[in-house]
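Structure record follows, encoded as structure tokens.
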Amino acid sequence: MANVKELRGRIKSIANIAKITKAMEMVASMKLRRVQGRASAFRPYTEELRGMLAHLGDHVGGDADQPLFRRREVKTIGVLVITSDRGLCGAYNANVLAQVTALRKTAEASKQKLVFYVIGKKGYAWLGRRGLTVKHFYAEPPLESLDFKTARIASDDLVAAFLAGEVDEVRLVFTAFHSAARFQPRCDGFLPVGSAPAGADSAERRSRDYLLEPDPQTLFDRIVPKYLQTVVMDAMIESLAAEMASRRMAMKGATDAASRMGKELKKKYNRARQENITKELLDIIGGASAVS
């Protein structure tokens, strides 16, 4: 059994670790509440923009004349991957990157090339270690700032690559946030836009009286890029919320584990002290008996 001094040191170290993990849990909880609020505020905007795009799609006569809607043979896939900048968030990054691994296997089987666009240092490092092609890494501003500029630049880069024929399809790999206890990685299609996004029923949309200026086609051309930027921003917000929820759960687990370990060590510490006291008493009794 470890001596009393060693056990005392280990108990102190674990108590300090528990304080750190508890503080990190509290910080993650605070940030999660803030991001959840932003997600709740942003979601109606995304839905309204989706409905507006669907309405305009009814007026411009479908997808035929829209470059961002055209499908072609897929030889190269652009993939926007959203991970965290920091660790200590449980299996959050591993789950996202498992989606990338699955996509790689599918692409290899179909003899398709993957080109990556990355938000988050963990994803960039993971892809770099495997020698995968990263065309753009959006390091600044960091994901935690939730700057719309990042979403706009990333979306515009993907649209430009698609229109130039550098990629034939674009996927978005991120973590969808449902609640503080439920979030899951996803690999969604981004480009080409398959059809006018689902909003209200088509007949209901046509029954509404809209005044469209200067004309539906011009509005459509302007709203599609804005809609795609909004989709990226929404994925960034959901991913950050999932990261904070995962970090909170991981730090709570670490704090609970440290607490259990501390209790076990205190039991060992008390037993060691009792053994030392008993030994000292026996030595004293033995010495007294020898003198008498």
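Evaluate the following for GLY262: is it small (Gly, Ala, Ser), at pLDDT 85 or above, over 30 Å from PRO142 (Cβ atoms) and in a helix (DSSP H, G or I)? Answer is yes for this residue.
Would you call LYS268 loosely packed, with under 14 Cβ neighbours inside 10 Å, of a type in the set (D, E, K, R) and more than 30 Å from PRO141 (Cα to Cα)? Considered against the rule, which asks whether it is loosely packed, with under 14 Cβ neighbours inside 10 Å, of a type in the set (D, E, K, R) and more than 30 Å from PRO141 (Cα to Cα), LYS268 comes out as no. Looking at the structure I just gave you, is LEU240 surrounded by 15 or more Cβ atoms within 10 Å (Cβ to Cβ), aliphatic (A, V, I, L, M) and modelled with pLDDT under 90? So LEU240 fails the test.
Surrounded by fewer than 16 Cβ atoms within 10 Å (Cβ to Cβ), of a type in the set (Ser, Thr, Tyr) and modelled with pLDDT of 95 or more - does that describe any residue in the stretch 84-105? Yes, that holds for at least one residue.
Give the residues of the stretch 30-53 that are basic (Lys, Arg) and touching a Gly at 6+ places or on another chain (Cβ under 6 Å), sorted by residue number. Walk me through how you get there before you give the answer.
Restricting attention to the stretch 30-53, the residues satisfying the condition of being basic (Lys, Arg) are 31, 33-34, 38, 43, 50.
Answer for the stretch 30-53, where residues must be basic (Lys, Arg) and touching a Gly at 6+ places or on another chain (Cβ under 6 Å): just ARG50.
A quick yes/no check of all residues on (1) crowded, with 18+ Cβ neighbours inside 10 Å; (2) free of Cβ contacts under 8 Å to residues at least 12 places away in the same chain; (3) within 20 Å of the chain's Cα centre (by Cα):
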{"site": "GLU108", "(1), (2), (3)": "no, yes, no"}
{"site": "PHE116", "(1), (2), (3)": "yes, no, yes"}
{"site": "ILE119", "(1), (2), (3)": "yes, no, yes"}
{"site": "TYR124", "(1), (2), (3)": "yes, no, yes"}
{"site": "VAL134", "(1), (2), (3)": "no, no, yes"}
{"site": "ALA139", "(1), (2), (3)": "no, no, yes"}
{"site": "SER145", "(1), (2), (3)": "no, yes, yes"}
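This table checks each residue for (1) in a helix (DSSP H, G or I); (2) of a type in the set (Lys, Arg); (3) under 18 Å from GLU243 (Cα atoms).
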| position | (1), (2), (3) |
| --- | --- |
| ARG71 | no, yes, no |
| ASP85 | no, no, yes |
| VAL115 | no, no, no |
| GLY128 | yes, no, no |
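Confirm whether ALA98 is farther than 18 Å from ALA235 by Cβ and part of a helix (DSSP H, G or I). Taking the combined requirement at face value, the residue does not satisfy it. Against the conditions (1) part of a helix (DSSP H, G or I); (2) under 22 Å from GLN99 (Cα atoms); (3) without any contact (Cβ under 8 Å) to a residue 60 or more places away in the chain; (4) of a type in the set (Gly, Ala, Ser), ALA151 satisfies every one except (3).
Residues considered: SER246, SER239. Of these, the only one that is of a type in the set (Gly, Ala, Ser), more than 30 Å from LEU7 (Cα to Cα), part of a helix (DSSP H, G or I) and in contact with a Gly (Cβ under 7 Å, 6 or more places away or on another chain) is SER246. Selection within the stretch 38-76: residues that are among the acidic types (Asp, Glu) and either in contact with a Leu (Cβ under 6 Å, 6 or more places away or on another chain) or at pLDDT below 85 (or both). The member of this set that is surrounded by the most Cβ atoms within 10 Å (Cβ to Cβ) is ASP63. Residue count for the stretch 149-165 satisfying the condition of being in contact with a strand residue (DSSP E or B) (Cβ under 7 Å, 6 or more places away or on another chain) and among the charged types (D, E, K, R): 1.
The values are calculated or read from the model by the stated rules, or taken from the named source; none is laboratory data. A quick note: this is a predicted structure, and the numbers were derived from the prediction, not measured. For neighbour counting, all protein chains shown are included, and Cβ atoms are generated from backbone atoms with ideal geometry for every residue, glycine included.
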